[in-house]
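Chemist: First, the structure itself, so that you have it in front of you.
The values are calculated or read from the model by the stated rules, or taken from the named source; none is laboratory data. No experiment lies behind these values; they were computed from the predicted model shown. Here Cβ is always computed from backbone atoms with ideal geometry, including for glycine, and neighbour counts include all displayed protein chains.
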Amino acid sequence: MITARAPVAQPVPSRTGIGLGVAGAVAVAAAVLAPWTGLGGQVGLTPPGRVMLAAMAVGLGLAAAVSPRRAGCWEALAAGLAALGAAAVLSALTDVLAVAAAVVLVGFAQATRPGRAALAAGLRGPAFGAALLGVGWTLARLPGAAGRTGALCLGLGLAAVAGLVPYLAVVHRDEPAGSPYLPWTAFFGPAVALSLPARFLAGLSLDEGTVLGATLVGLGLLNLAWGTIGAWRTGSDAEAWRCSFLADWGLVLVGLGLFRPDALAAAYLALLSLVLVRLPLALAARPVPEGEQARLAGPFGGLAVVLLAGAAPFSGFPVRLLLVQAATAVAWPLALPLVAGMLLWVAHAGRLARTLGPLQGRTAAGFWLVVACSLALGLLPGVLRAAAGL
């Protein structure tokens, strides 16, 4: 279901749909059952990866429930299983070079889906990210400057795979909010981000780890600033939603780059929120015609603003607390731009909320399910951290 224009822009032919669904289901089963097979050394989900895979399955269901666009049930199910299978493979591979190769294959499959632009445009980001990961991992195992250059490439490759600044794809003004950036930024990117950094650190020296951490923190602050300011200032609703994803990713990258348990927990919770909350809401969004004062009626309006602003008791609040706590412990000046970005976040929450209305029937029920997931993430972060071993 997660495609360039999600849900599927054109129905998947029945035979292709069956093949996609079966392949996705087999990939998920192989990733989950790997520890009990002979593949345990090459393939295996970490505890956070298992939680993320379950969250992705739930997120696909929420996206189907909340999206106002309709697609054939079986076609959407097949495409959703295929996307889930690809995410499982990206999460489970233990070799960085194998992950880079899988990124290219998934990117090619994604770029050839119905409704995509030119193949080269769809494949450019994943291919460049995979190249950076491959070159980075090769250089990182060399001593001296080559190793540090490799660590830099690894951090840049992670941002490229997720389609973040400075590797942004074009978002046309008249496109639906969830069009071209969504598969990698909101689905495949989180799967890679939750598994790769731990793989990196296992093979890096202290100097190389420091370079990788500084790269991730720098990219995180850049995306946080770009996302919060861009979502507030841009004239396009689709671009505003894309910028909101960049802001979330900014918090994720900073958390990954600090290499502290509380910071890693913040990144993990932010990725869960991205999949379970922001992804379905982005699919529920609709373009607001210029001059139209759209609003959410009844209980939806204020609730959507509070949820999107990351306020308590919703999913964004424990992420902010943990990240500021970790940044203060590492170097207190680092907490200042984080707090500034979190405060500026409120400026675009109302704008995004207006693109969600009006909500009726199935989409309203889906919205309340998203709210319930956000509350669970906000009120039970300790339970989710324990499930992931963080």
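Chemist: Among the residues of region 116-133, which ones are in contact with a Ser or Thr (Cβ under 7 Å, 6 or more places away or on another chain) and either modelled with pLDDT of 75 or more or not in a helix (DSSP H, G or I) (or both)?
Modeler: Within region 116-133, none qualify.
Chemist: Quick test for you: out of TRP232, TRP241, TRP226, pick the one residue that is of a type outside the set (A, V, I, L, M) and buried (at least 24 other Cβ atoms within 10 Å of the Cβ). Break it down stepwise before answering.
Modeler: Details: TRP232 fails: buried (at least 24 other Cβ atoms within 10 Å of the Cβ); TRP226 fails: buried (at least 24 other Cβ atoms within 10 Å of the Cβ).
Step by step, each of TRP232, TRP241, TRP226 is checked, and only TRP241 is of a type outside the set (A, V, I, L, M) and buried (at least 24 other Cβ atoms within 10 Å of the Cβ).
Chemist: Starting from region 233-260, keep only residues that are without any contact (Cβ under 8 Å) to a residue 40 or more places away in the chain, then list their pairs with residues that are part of a helix (DSSP H, G or I) whose Cβ atoms are within a distance under 8 Å, requiring at least 6 positions of separation or different chains.
Modeler: Short answer, once both residue conditions are applied: THR234/ALA240; THR234/CYS243; ASP248/GLY227; ASP248/ALA270; ASP248/SER273; ASP248/LEU274; ASP248/ARG278.
Chemist: Can I ask one more? Please verify whether VAL252 is over 18 Å from VAL324 (Cβ atoms), crowded, with 24+ Cβ neighbours inside 10 Å and within 17 Å of the chain's Cα centre (by Cα), treating the condition exactly as stated. Spell out the reasoning first.
Modeler: Working: over 18 Å from VAL324 (Cβ atoms): no; crowded, with 24+ Cβ neighbours inside 10 Å: yes; within 17 Å of the chain's Cα centre (by Cα): yes.
No; evaluated as a whole, the condition is false for this residue.
Chemist: I would also like to ask the following. Taking region 33-58 on its own, how many of its residues are part of a helix (DSSP H, G or I), in contact with a Leu (Cβ under 9 Å, 6 or more places away or on another chain) and at pLDDT below 80?
Modeler: 3
Chemist: In this structure, does ALA267 turn out to be outside any loop (DSSP other than H, G, I, E, B), buried (at least 23 other Cβ atoms within 10 Å of the Cβ) and modelled with pLDDT under 90?
Modeler: No; evaluated as a whole, the condition is false for this residue.
Chemist: In region 319-352, which residues are without any contact (Cβ under 8 Å) to a residue 24 or more places away in the chain and closer than 18 Å to LEU219 by Cα?
Modeler: VAL324, ALA331, PRO333, ALA335, LEU336, VAL339, ALA340
Chemist: Please list, ordered by first then second residue, the pairs with beta carbon atoms under 9 Å, 6 or more apart or interchain, first in region 100-129 and within 19 Å of GLY19 (Cα to Cα), second among the basic types (Lys, Arg) and at pLDDT 75 or above.
Modeler: These pairs meet every condition: GLY107/ARG124; ALA111/ARG124.
Chemist: Given the criterion of a type in the set (A, V, I, L, M), buried (at least 23 other Cβ atoms within 10 Å of the Cβ) and over 22 Å from GLY49 (Cα atoms), identify the matching residue among LEU219, LEU182, LEU206, LEU196.
Modeler: Values: LEU182 fails: over 22 Å from GLY49 (Cα atoms); LEU206 fails: buried (at least 23 other Cβ atoms within 10 Å of the Cβ); LEU196 fails: over 22 Å from GLY49 (Cα atoms).
Unique residue meeting the criteria: LEU219.
Chemist: Looking only at residues in region 161-185 that are touching a Gly at 6+ places or on another chain (Cβ under 8 Å) and of a type in the set (Ser, Thr, Tyr), which one is modelled with the highest pLDDT?
Modeler: Among them, the one singled out is THR185.
The rows are residues; the columns are (1) surrounded by fewer than 15 Cβ atoms within 10 Å (Cβ to Cβ); (2) charged (D, E, K, R); (3) modelled with pLDDT of 90 or more; (4) under 20 Å from CYS373 (Cβ atoms).
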position: LEU60; (1), (2), (3), (4): no, no, no, yes
position: ALA63; (1), (2), (3), (4): no, no, no, yes
position: VAL66; (1), (2), (3), (4): no, no, no, yes
position: CYS73; (1), (2), (3), (4): yes, no, no, no
position: LEU93; (1), (2), (3), (4): no, no, no, no
position: ALA102; (1), (2), (3), (4): no, no, yes, no
position: GLY107; (1), (2), (3), (4): no, no, no, no
position: GLN110; (1), (2), (3), (4): no, no, no, no
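Chemist: Name the residues in region 334-351 that are within 13 Å of GLY250 (Cα to Cα) and β-branched (Val, Ile, Thr), would you?
Modeler: The answer is VAL339, and nothing else.
Chemist: Something else: Exactly one of (1) modelled with pLDDT of 80 or more; (2) outside any helix (DSSP H, G or I); (3) in contact with a helix residue (DSSP H, G or I) (Cβ under 8 Å, 6 or more places away or on another chain) is unmet by GLY147. Its number?
Modeler: Result: GLY147 passes all but (2).
Chemist: Oh, and also: Quick one: would you say ALA386 is in contact (Cβ under 8 Å) with a residue 12 or more places away in the chain and among the small types (Gly, Ala, Ser)?
Modeler: Taking the combined requirement at face value, the residue does not satisfy it.
Chemist: Based on this model, can you work out whether ASP207 counts as in contact (Cβ under 8 Å) with a residue 40 or more places away in the chain and either acidic (Asp, Glu) or over 16 Å from LEU158 (Cβ atoms) (or both)? Don't jump to the end; show me each part of the working.
Modeler: On the way: in contact (Cβ under 8 Å) with a residue 40 or more places away in the chain: yes; either acidic (Asp, Glu) or over 16 Å from LEU158 (Cβ atoms) (or both): yes.
It is true that ASP207 is in contact (Cβ under 8 Å) with a residue 40 or more places away in the chain and either acidic (Asp, Glu) or over 16 Å from LEU158 (Cβ atoms) (or both).
Chemist: Of these, PHE200, PHE245, which one is within 20 Å of ALA388 (Cα to Cα) and either part of a loop (DSSP other than H, G, I, E, B) or among the aromatic types (Phe, Trp, Tyr) (or both)?
Modeler: The match here is PHE200.
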